[in-house]
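A.B. asks: Structure in structure tokens, see below.
The values are calculated or read from the model by the stated rules, or taken from the named source; none is laboratory data. Note that the structure is predicted; figures quoted are calculated from it, not measured. Every residue, glycine as well, gets a Cβ built from its backbone with ideal geometry; the counts of neighbours run over all protein chains shown.
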Amino acid sequence: MAKMDLRKKVRYKRRSRKRASRREAAFYEGRTYADYLALGEEERARAVEMDCVEGAEGDSQALLTLHFVQIRFQIYVLLERHDRAHVVAALDWLEGLLGGPEAFRRVFGLILTDRGCEFDDIAGIERDGRCRVFYADPQRSDQKGACEKNHVELRKVIPKGTTIDGLGLDAWILAGVCSNVNSSLRRAIGDASPMALAKVALPASLLEGLGLALVPLDEVETRPELVERPGRERDGTRR
């Protein structure tokens with residue numbers, strides 16, 4: 001897969017802080033981080049960490065990220081709105097790519113996320129028993145630190161403060177971003193690339209449905225040029 005011939009765009013704005021869920025502690029009963037730690041080590045090793053990456057203040061869109069900790073592989077799904085309904089819709093879409101709740105369970109059966117209000121539709125997330133969701137403690141992003149750390153790779157392409165709304169992202173561009181970011185080599189996994197490991201560890205229907213492919217190492221691009229369409233000014237307007 002060749003890198004895309006797209007032009008540079010960087011826009012910085014103050015970033016709004018993610019709103020925490022105002023649910024009472026009882027809402028998370030049985031799904032707290034302590035409950036997560038009580039699971040067996042082998043089960044926790046299969047956990048997928050879920051988060052949202054926001055753009056500039058006032059953006060409607062956001063990126064849902066799902067991180068496979070063992071192979072350092074992270075996928076991105078565009079949310080047209082940064083809310084619980086669109087998070088559930090994104091998971092429903094991934095379930096469709098995989099072929100149903102049982103196939104979804106094999107890939108995303110255990111999810112660890114934070115208490116952002118976009119993640120508090122537990123019934124929707126766990127629909128039809130397709131997964132179990134657990135929540136990190138308030139203000140403890142380090143409890144899903146692998147996902148947070150891997151956002152550094154995405155931020156090479158979409159720096160903090162960049163407007164996501166203004167990028168005009170679509171499935172083709174996002175697939176290119178995800179393919180390139182995951183095709184760089186990582187020391188933590190033996191100087192392999194997450195994409196190479198994903199092709200072995202994850203169903204082809206998921207990778208193909210997301211439009212992902214292994215990018216040759218000498219063609220990997222992880223700079224903001226990857227997300228700008230020709231004909232777009234730096235302030236997000238079209239020429």
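A.B. asks: Could you please give the count of residues in segment 127-142 that are crowded, with 17+ Cβ neighbours inside 10 Å and in contact with a strand residue (DSSP E or B) (Cβ under 8 Å, 6 or more places away or on another chain)? Talk me through it step by step, then tell me what you get.
C.D. replies: Narrowing segment 127-142 to residues crowded, with 17+ Cβ neighbours inside 10 Å: 130-136.
From what's left, in contact with a strand residue (DSSP E or B) (Cβ under 8 Å, 6 or more places away or on another chain): 131-136.
The qualifying residues number 6.
One line per residue, one yes/no per condition, for (1) touching a helix residue (DSSP H, G or I) at 6+ places or on another chain (Cβ under 6 Å); (2) surrounded by fewer than 20 Cβ atoms within 10 Å (Cβ to Cβ); (3) modelled with pLDDT under 95; (4) within 21 Å of Leu169 (Cβ to Cβ):
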position	(1), (2), (3), (4)
Arg11	no, yes, yes, yes
Arg15	no, yes, yes, yes
Lys18	no, yes, yes, yes
Ser21	yes, yes, yes, no
Ala26	no, yes, yes, no
Tyr33	yes, yes, no, no
Ala47	no, no, no, no
Ala56	no, yes, yes, yes
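A.B. asks: Which number in (1) under 16 Å from Glu221 (Cα atoms); (2) in contact (Cβ under 8 Å) with a residue 40 or more places away in the chain; (3) surrounded by fewer than 16 Cβ atoms within 10 Å (Cβ to Cβ) marks the one condition that Leu174 misses?
C.D. replies: (3)
A.B. asks: If I go through segment 70-88 residue by residue, how many of them are crowded, with 17+ Cβ neighbours inside 10 Å and either more than 28 Å from Ser184 (Cα to Cα) or modelled with pLDDT under 95 (or both)?
C.D. replies: Residues meeting the conditions: 4.
A.B. asks: Turning to a different aspect of this structure: List every residue pair whose Cβ atoms sit under 6 Å apart, with the two residues 6 or more apart in sequence or on different chains, where the first one lies in segment 96-120 and is under 27 Å from Glu54 (Cβ atoms) and without any contact (Cβ under 8 Å) to a residue 60 or more places away in the chain and the second, anywhere, is crowded, with 18+ Cβ neighbours inside 10 Å and basic (Lys, Arg).
C.D. replies: Phe104/Arg130
Residue-wise test of (1) on the phi > 0 side of the Ramachandran plot; (2) within 13 Å of the chain's Cα centre (by Cα); (3) of a type in the set (D, E, K, R).
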residue	(1), (2), (3)
Leu64	no, yes, no
Glu95	no, no, yes
Phe104	no, no, no
Arg115	no, no, yes
Gly124	no, no, no
Lys144	no, yes, yes
Cys147	no, yes, no
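A.B. asks: Kindly indicate whether Val200 is modelled with pLDDT of 95 or more, out of contact with any Cys (no Cβ under 8 Å at 6 or more places or on another chain), of a type in the set (Val, Ile, Thr) and in a loop (DSSP other than H, G, I, E, B).
C.D. replies: No, not satisfied.
A.B. asks: Are there any pairs, at least 6 apart or on different chains, whose C-beta atoms fall under 7 Å, with the first in segment 56-73 and under 11 Å from Ala198 (Cβ atoms) and the second part of a strand (DSSP E or B) and charged (D, E, K, R), and if so, which?
C.D. replies: Matching pairs, first to second residue: Arg72/Arg186.
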